[in-house]
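Since the structure comes first, as structure tokens, the remarks are kept for the end.
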Amino acid sequence: MSDTPLEPWQWPEAQWRGIVNHVRAGRGYRPASWPGGARCAVALSFDSDHETNELRDGGTSIGRLSWGQFGNRVGVPRILALLARHDVRASFYVPAVAALLHPDEQRRVVAEGHEIGIHGWIHELNSVLPYEAERDLMFRSADTLEKITGVRPVGLRTPSWDFSPSTLKIEGELGLLYDSSLMADEDCYALLLDGVDTGIVEVPVEWVRDDAVYFMMNRFQSLRPYTPPADVLDIFRREFDAAYEEGGLFQLTMHPHIITHRSRIWILDELIRHARAKGDVWFGTHAEVAAHAKAAAVEP
């Protein structure tokens, strides 16, 4: 018998079904209303990757490390000032190495009422790690964030939304409330592991609701997209408007070193103003959104 791996078109049904059904979306969690009787929920999030974008691949570029440092020196303070001005709370996902490099930033984020979630150790890719290494890094990351901030994180966003076959199992071992790395819906939903409800809520992400897709660039590669800021606002605003009409969730992912430049930070300001003008919109952290969505979801 040949030891050559089968091509996907040769797989038996049990194999492709097993791959598809290992981690799956279960019951949807859309509540009849959000806290305070709000029609729509807004969950703003910031991935504070900072220098780990360069470090995770073994990079030593001083230029790219300085780009990451911008997130700490300029980006996060600018975000916090804007959120305070609008009295809005948000979620920040921080690699443990970034937290160790900038512990005062994490303490300030928590002191101002925001949530900090797990975002890997050094922004590593989960899918290339064996179970033991991924588990060790995830537990060490949670312990590090708790030691620095005094608050144990209850949610995880995998770096680059890279989800391994072991990730959900490890999240269960950590006792997390929610994950925010997957894309099976626009509303929160239950996460199933081999058909069994884990009790973990997914607060889903999407590339269309991520600033990096429109603004990220790498001068050493062909990655040089650029969308005019006004067009990005239009995309985000249309996503919010549709969520509002449906009575659902608008979740947005941003990065301090990307969204906070002078020609872009107004996008976030305008988006918050637009949502506030509706009058019945609730802004919550991802942890608050996950808890409310699960507790108040309408039975299917």
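Rule-based calculations on the coordinates, nothing more; no lab input. What you see is a predicted model, and the numbers here were worked out from it, not measured in a lab. A quick note on method: Cβ atoms are made from the backbone with ideal geometry, for glycine too, and the neighbour counts reach across all protein chains shown.
Structure summary
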{"read-out": "Sequence-distant aspartates and glutamates (8 or more away, or on other chains) whose Cα lies within less than 17 Å of Lys147", "value": "Asp104, Glu105, Glu115, Asp136"}
{"read-out": "Fraction of antiparallel bridges per DSSP, the chain only, in percent to nearest 5", "value": "35"}
{"read-out": "Modelled FRET efficiency - R0 41 Å, Arg238 with Gln69, Cβ distances, 0.05 increments", "value": "0.75"}
{"read-out": "Pairwise FRET efficiency - Tyr131 versus Leu101, Cβ, R0 = 30 Å, nearest 0.05", "value": "0.60"}
{"read-out": "Given charges at beta-carbon only (K, R positive; D, E negative), |dipole| of the chain in Debye", "value": "980"}
{"read-out": "The chain, relative contact order in percent, only Cα pairs under 8 angstrom and at least six apart counted", "value": "30"}
{"read-out": "Label-to-label distance, nm, for residues given as Val151 and Ala230 (7 Å Cα→Cβ offset)", "value": "3.8"}
{"read-out": "Two-site FRET efficiency, Ser61 against Ala32, from Cβ-Cβ distance with R₀ of 45 Å, rounded to 0.05", "value": "0.35"}
{"read-out": "Linear extension gain, Ala25 paired with Ala111, 0.36 nm per residue minus alpha-carbon span", "value": "27.5 nm"}
{"read-out": "Least to most buried among Cys188, Cys40 (fewest other Cβ within 10 Å first)", "value": "Cys40, Cys188"}
{"read-out": "Sequence of Asp87, Asp162, Asp179 once ranked by neighbouring C-beta atoms within 10 Å, starting from the fewest", "value": "Asp87, Asp162, Asp179"}
{"read-out": "Shape category assigned to the stretch 28-120 from the gyration tensor of Cα positions, a/c cut at 1.5", "value": "prolate"}
{"read-out": "Percent antiparallel among DSSP beta bridges (both partners in the stretch 122-258, rounded to 5)", "value": "45"}
{"read-out": "Exposure proxy order (Cβ contacts within 10 Å, fewest to most) of Asp185, Asp3", "value": "Asp3, Asp185"}
{"read-out": "[x] 66, 52, 39; [y] 59, 51, 40; [z] 60, 40, 39, with the label sought being that of the calculated Cα extents along the principal axes in Å", "value": "[x]"}
{"read-out": "Pairwise label distance in nanometres, Glu7 with Val213, each label 7 Å out on the Cα-Cβ vector", "value": "3.2"}
